[in-house]
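Here the structure comes first, spelled out in structure tokens, and everything after it is commentary.
The values are calculated or read from the model by the stated rules, or taken from the named source; none is laboratory data. All figures in this text were calculated on a predicted structure; none of them were measured in a lab. Remember, those area values only see protein heavy atoms, side chains included, never the ligands or the DNA or RNA. Shrake-Rupley method; radii C 1.70, N 1.55, O 1.52, S 1.80 Å.
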Amino acid sequence: MDADVSDSPGTPAEPDRPDHSAGGEPSEGSQGASGAAPRDDAPTESSQASAADGGPGAGGSGTWGERPARGPQEGRRHWLRWTALAASFLVLVAAGVGWWLYKKLDGNITTDTSAAAELKAYERERPLPIARGAQNILLIGSDTRSGDNSAYGRDDGGSQRSDTTILLHLAADRRSATAMSIPRDLMSEIPSCHTDDGKATKEQFAQFNWAFELGGTACTIRTVEKMTGIRVDHHMVIDFNGFKDMVDAVDGVEVCLKAPVDDTDAHLKLPAGRQKLDGEEALGYVRARKSIGNGSDTERMDRQQKFLGALVNKMQSNGVLLNPTRLYPVLDAATKSLTTDPGLDSLRDLYDLVRGMRNVPTEKVQFLTVPRQAYHADPNRDELVQPDADRLFTQLRKDEPVAVVPADKVNSGDSQADHSSEKDPSGQTPGDTDGSPTPAPTYSGSNAADDLCGS
């Protein structure tokens, strides 16, 4: 050890004194070469080592083999270390659960590769997109009776038709969305399509929902594009069970009935008045035809549109789209019965789509049906009303506004559907003399802010 180690602060060490006893040799117990005898209270190397290790030399307390008591600061550091460790563990668990949930939802979605291949083969015939950033998504409600849907009717060999078809137009600025229903009985030009076994069908003029039965989703898309001139960017096919599970996931939707309903075909028996429908009841409500209203498909489509609006309204007003714990059941229900094109077949793609729509005001989520009337050759079929239909298609194709009002206002003469938005080469809209914009064409319809019990 160093010779200048002091006993205490400010006390100098004694000088070394040689011991000449026993012939000048150091006496027993002397300090080696220096000849200084160790003092009882002087620190030794072993005591210095123990001080460094927290032994008796540390602070002059404790006994050998015992740990000193922790001070407040050391205890706090110990607690923080355990808290950090626990937090890290929870983060890892949460990340693992989140990844598992993501993969589960992602794996629920079925990709329609055959439709993509068919559409690619006919790419040259398809209309080009015009409005950059806008999206047109074809929503198809399948009425297949196979599998879990067998409870809703007879399975005629696995064939299926489109029970509900809606072209959803999302504006480029994502401040409005227009859902246009296409009647299943609308007489349409159906192009030549390929069946599941690869055979080509003939081009024909037939009711619209035959396209889905003849050539599936691709044939339906091509029929819509041929009719409207609107490029379909994506498509979704959802079956009965997917719809009712989504209603259950948001804890039902309220409706009002003017009269009780007892429809065995639709599996529906309800009293009159305001009531909340669960998924099974909601499915019967939107499918029922002869037992509610005037029994027409027109009335049924109007009911479907208003119910979908109420569903959208509930999802937005209850914060479902912003709350992951509430959104998950909805996504799980939707993805289980969803078939999409490759561009929408992942949870990330669907999330981006939903995120783009969640800020659309409910009054700007509009529902309408293509202008149509009874087909002149068969009153049980529909045909387009022109030029109103083409004007509607032009507005959507160019991503220009469309307004909807209740049917009674349109019928009372408030319709502006005869106002064309086409512009002449000078850039003026026909009828514009003061440079003011032409009012948006108005059609019979509803929006998601409407109260189902308000009328």
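Take segment 319-406 with all the other protein chains still there, run a 1.4 Å probe, and you get 47 Å² of accessible area per residue. Glu203 exposes around 110 Å² of accessible area when a 1.4 Å probe is run over every protein chain in place.
Take the solvent-accessible surface of the protein heavy atoms, probe 1.4 Å, and return the percent of it on segment 163-290 that carbon and sulfur atoms account for. Ligands and nucleic acids excluded, carbon and sulfur give 47 percent. Sorted largest first, the spans of the alpha carbon positions of segment 170-230 along the three principal axes are 43, 22, 17 Å.
Restricted to Cα atoms, segment 280-359 shows a radius of gyration and a Dmax of 15.2, 43 angstrom. Histogrammed with a bin width of 10 Å, the alpha carbon distances of segment 152-283 distribute as 10, 30, 32, 22, 5, 0 percent, first bin at zero. Evaluated on segment 244-315, the Kirkwood hydrodynamic radius is 12.1 Å, with distances taken between all distinct Cα atoms.
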